[in-house]
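S.K.: Pasting a structure below so you can have a look.
The values are calculated or read from the model by the stated rules, or taken from the named source; none is laboratory data. All values derive from a computational prediction rather than experimental measurement. Cβ sites come from the backbone with ideal geometry, for glycine too, and all protein chains shown count toward neighbours. Protein only, heavy atoms only, side chains kept; ligands, DNA and RNA dropped before computing areas. Shrake-Rupley method; radii C 1.70, N 1.55, O 1.52, S 1.80 Å.
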Amino acid sequence: MKESYNILFAVFSIIFIVASIFSVYADSSNSSNSTNTTNTTNVTRNLTGNAVVQPMSIWVSVSETPTTINFGSLNADGTEHTYTSATNVTVSAIGLSASLYTSVGGNFVSSSDTIPVSNFKYSCSDASPAISKTSFTTTPTLVDTFSYFLVNTKTYRMNYYLTVPVNTQPGTYSTTVIYTAS
């Protein structure tokens, strides 16, 4: 009987060590699951950077709905337009914690003009603490980190704010919003 307890303890210890190795590791490519939302296409990218310690997730994924947003025809009058719950971003993870980041691919561009990315903002009341109106940037910015035990899914309702500057040329403008989970 004592021998079966020793075997059980050894098996449990091995499983724990293997799970720990997969849960926290340094990754020099900072490769994370990422999905982009654009108003024209849906693209997947990986981020690269210096070695960092990843959150304690064995597996993580991120998805958003809708994958394409059309803000409609807007006047170039400098007025800020609000899009409440424009995108729902869902992070699913197995482990102990997960983080959601957001960024944009660059300015809104058309064939004839550009709308600076500083005119595009977001907020999220589902983050802890809630994020008030914040300008998008081209570098990943932390939206939220949440802790859990083993398996969890969390959805973030993202609000967008867009200002079309005065004297902006008419046209179809597009950019890519990037959501990354790790």
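S.K.: Looking at THR180, is it in a strand (DSSP E or B) and surrounded by fewer than 18 Cβ atoms within 10 Å (Cβ to Cβ)?
M.R.: So THR180 fails the test.
S.K.: Working carefully through the options ASP113, ASP126, find the one that is free of Cβ contacts under 8 Å to residues at least 40 places away in the same chain and surrounded by 13 or more Cβ atoms within 10 Å (Cβ to Cβ). Give the steps one after another, and end with the answer.
M.R.: On the way: ASP113 fails: free of Cβ contacts under 8 Å to residues at least 40 places away in the same chain.
Among ASP113, ASP126, only ASP126 is free of Cβ contacts under 8 Å to residues at least 40 places away in the same chain and surrounded by 13 or more Cβ atoms within 10 Å (Cβ to Cβ).
S.K.: Ok, one more. Given the structure, is THR145 in contact with a strand residue (DSSP E or B) (Cβ under 8 Å, 6 or more places away or on another chain), closer than 16 Å to SER182 by Cα, among the polar types (S, T, N, Q) and open to solvent by less than 40 Å² (accessible area, probe 1.4 Å)? Before the answer, list the steps.
M.R.: Numbers: in contact with a strand residue (DSSP E or B) (Cβ under 8 Å, 6 or more places away or on another chain): yes; closer than 16 Å to SER182 by Cα: yes; among the polar types (S, T, N, Q): yes; open to solvent by less than 40 Å² (accessible area, probe 1.4 Å): no.
In short, no.
S.K.: Could you tell me how many of the residues in segment 80-102 are aliphatic (A, V, I, L, M) and open to solvent by 50 Å² or more (accessible area, probe 1.4 Å)? Walk me through it before giving the result.
M.R.: Within segment 80-102, the subset aliphatic (A, V, I, L, M) is 86, 89, 91, 93-94, 96, 98, 100.
Okay, now just the ones that are also open to solvent by 50 Å² or more (accessible area, probe 1.4 Å), so 94, 96.
Residues flagged as aliphatic (A, V, I, L, M) and open to solvent by 50 Å² or more (accessible area, probe 1.4 Å) within segment 80-102 amount to 2.
S.K.: For segment 130-163, name all the residues that are more than 16 Å from the chain's Cα centre (by Cα) and either of a type in the set (Lys, Arg) or at pLDDT 95 or above (or both).
M.R.: SER132, LYS133, TYR161, LEU162, THR163
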